[in-house]
Every structure is written in C-alpha cells, then in structure tokens.
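Here's the structure, in structure tokens; my notes come after.
FYI, it's all coordinate maths here, none of it is from the lab. Bear in mind that the values here come from a model prediction, so they are computed numbers and not experimental data. Here Cβ is always computed from backbone atoms with ideal geometry, including for glycine, and neighbour counts include all displayed protein chains.
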C-alpha cells in the first residue's frame, strides 16, 4: 500500500484543503496576468501578499507528499542493506520534523492569522528599568522576524527618558504574521541585576506586548468622523531636514473608547493618517473581539482563557537563568538564545495550547 500523507486529516485537528488552496492560487495568478492589474497598487499588493501566503502553505505540503512517496519506494530497495536503511531512517526523521512544522503552520487557521499586523511594545512601571526591558524585547522580536523572513518597519516610537524606549510600534508584513505574533500578547517580566543600580541590586521589570491585525478599508468596523479627534504635530527623532519642521505626524483619538494611535514615519501627512487609521481600525476590532471572548468566558465558566493583560512569560537572569511561559509551562535555561530571537519554540507551544483549548471550548458548547 503506498505511503500517502493527506493534509486534510492531520493530527492537530485543523483542516487543510489542498485542492481549494491550489485553486485559489491559480485564480490569483490569472488575476495578476490580466491587463491593468497594477493600476491599483494597493489592491495589487494585497493580491501579491495573499499569493505569497498561499505558496508558503502549499509548497511545503506538496514537497512532503512527494518526498514521502519517494521514501516509500526506496524502502523495498533497501532491504538487507544496513547503510541504506540507516540513511532512510534519517530521511524519515527529517520528514517527520517537516510534518510537525506543517501541522504547526496549519494551527494558524483563525480568521485573521494570515494577515499582516502591528506589533506594539509598551514599558511598564519601573522607569528606566522597564524602558530598557522594552528595548530588549524590541531587539528580540526584530531578530526573530529577521530569522523568519518577515519584513517590518517602525511606524512610531517614544524614547525613554534616560535609556531604552517608552513605546514602539512595528508594522510586520509576511505570511501568518498576526497568527504567530498574537501568541506573544501579554505582559513580559524580567528579573535581573540592574545595570542602572549602583548597588547592584536585583530588579523586576515589566513590559506589555500587543498585536493587532492589519485590516483593509473594507473591514466591518464603523468609525464615525465625529468620534475622532485628529491632531497633527511635528515628528520627533533623528533624521533630516523634514524632522521638527513640518507637522506631518498624526495622532488620532477615538473618543468613545479613549484609544489613541499615532504615526510619524512617513513624510506625508496623508500617508501617516492612513496608516494611523489602519491601526485604529485593528484596535477597535480587537476590542470588540475581547468583549465577545469575555462574554463567552462568563457563559461557559471558563477561566484563564482571556489573558490579554496578564503576565504570560518570565525571563529570569538572576539568581538563576530561566525563561518560562506561564500559559504552556514551556521553559528553557538558554536565556541568551531567547533574547537573541529564538522564540519559535514558545510560539509553537502556545499554538498547540490554543488548539487544545479551542477543542475543549467546542466540546463545552456542544454540551451546553
């Protein structure tokens, strides 16, 4: 019997319709070939982004199926050859690892997981210590994004009074950007000997990480003009004659909710306003989603599912070295590797944790 791996029935319990994905890919390729496709640059870029996301999903699956079939054909030929059997065992282990990676990617199946996103880091209480910790987190995430091939740009930053950063927002572009980085939402805690304490005492610092998907203008979020207060101000920071001379930076306040967004990375006031509106649209959507999640949590008496504002992970440098995720209990003693951007195992562990909880939630709803 031939060895066949069918993606639609993987162990994670998430469906993956390969024929449907390939059909959508062909439709997008046909659309790109039509005359006038590039006339609308924004729409064209959205199609190109979706095309890239589909390819990143389809190609690994097709490669796995082909290599698994080839491996099955070689098994019969290797009988009695110890060296060949040993090599086949190594190949099988490699394919198992690839299968695991594909299954984890399939866990990114929520409605907006494939979207680009805005990643924000905010220093907590603690002054300079927390600002420095926020800067360390920024470095960690930038290295992770570089490793994963995700593009990013800084759209807003407020520097700390003495060191580090008070807050920063990145726009992240790439396949499943929101799905992966949404696993990092919450409060991150650092314990270390403070480099800013002349007595060398141990300090605890906090920083909050937030992530919202980037929505296009057609997203179903109603924003009334009369609910907005829009302020224009001069951009701050290093860089050129434009800085501090033209009021191109934009700050938008949504008065009913008190949400404030701002953007200052573009020279154009119009572009900064459009970018800020995208951030506002995403935050309003996520706010509504949180409210719905809270209602579901009360209805089904679930605990610990809504963890937007709670501590999710501790990074301990002194008196011992350990990074532990308090949601999944995944931990490692290689703190420096984590701070250098190797957070993939933490994200993978949370994806599995979230999938299990979603399955439990579905069972609860069926019983109710």
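Based on Cα contacts under 8 Å between residues 6+ apart, segment 7-106 shows a relative contact order of 31 percent.
Taking other Cβ atoms within 10 Å as a rough exposure proxy, 55, 93, 324, 278 sort from fewest to most as 93, 55, 324, 278.
For segment 7-106, the extents of the C-alpha atoms along the principal axes are 62, 28, 18 Å, listed from largest to smallest. Applying 1/(1 + (r/R0)^6) with R0 = 56 Å to the Cβ-Cβ distance of residue 48 and residue 75 gives a FRET efficiency near 0.85.
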